[in-house]
Amino acid sequence: MDCKGGDRPVLSLQPITFAEASEFVRQYHRHHVPPQGHKFSIAVADEYRVVGVIIVGRPVARYLDNGRTLEVTRCCTDGTPNAASMLYGAAWRAAKALGYRRIITYTLVHEPGTSLRAAGWKSLYQTPGKSWSVPSRPRLDRHPLGQKTIWEMM
């Protein structure tokens, strides 16, 4: 294997369809199913296979959906070192190239955000966890409801 820096594989970015990215999320994400849609998705691969994907879409929270902000709705890797930070950096560069001014994402409060920090993202604040289910529109919660940290790049 062609390696840089010891035994770490050389990683490269590549395009990926929403269907392919969603299948990767189904196989590897610890606590989420794939999102409903996307603006774009990006894969990172070693010389043999895809080792991670990032799915970027409109912000889930309506008050953040201002036409100039995107949200990373899923970032998922198989554990390959540096894959997640490479994806977070690529997502911001792609969003910026498309004219967006801000990109956000959320992590569970117990997740350290190491990959986000490595890619230059800033931690903003913690949000209370809540359910999207309300009496007028009952929904099945398929995600962790605990407190989350919001991150951004501008």
| query | Cβ-Cβ below 8 Å, separation at least six or inter-chain, first residue in the stretch 29-53 and among the basic types (K, R), second in a strand (DSSP E or B): which pairs? | reply | K39/V56; K39/G57; K39/L70
| query | Among the candidates T107, T114, which residue alone is surrounded by 14 or more Cβ atoms within 10 Å (Cβ to Cβ) and modelled with pLDDT of 75 or more? | reply | T107
| Tally time: how many residues in the stretch 117-141 are more than 22 Å from R58 (Cβ to Cβ), of a type in the set (G, A, S) and modelled with pLDDT under 95? | 1
| request: Only one of these is at pLDDT 95 or above and polar (S, T, N, Q): Q14, Q36. Name it. | output: Q14
| task | State whether the residues of the stretch 73-94 include one that is polar (S, T, N, Q), without any contact (Cβ under 8 Å) to a residue 12 or more places away in the chain and within 24 Å of M154 (Cα to Cα). | result | no
| message | Restricting to the stretch 11-40, count the residues that are part of a helix (DSSP H, G or I) and among the hydroxyl-bearing types (S, T, Y). | response | 2
| Residues of the stretch 54-77 being closer than 18 Å to E111 by Cβ and surrounded by 15 or more Cβ atoms within 10 Å (Cβ to Cβ), which ones? | I54, I55, E71, V72, T73, R74, C75, C76, T77
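The values are calculated or read from the model by the stated rules, or taken from the named source; none is laboratory data. Fair warning: this is a prediction, and the values are worked out from it, not measured in the lab. Positions of Cβ are backbone-derived with ideal geometry, glycine not excepted, and every protein chain shown enters the neighbour counts.
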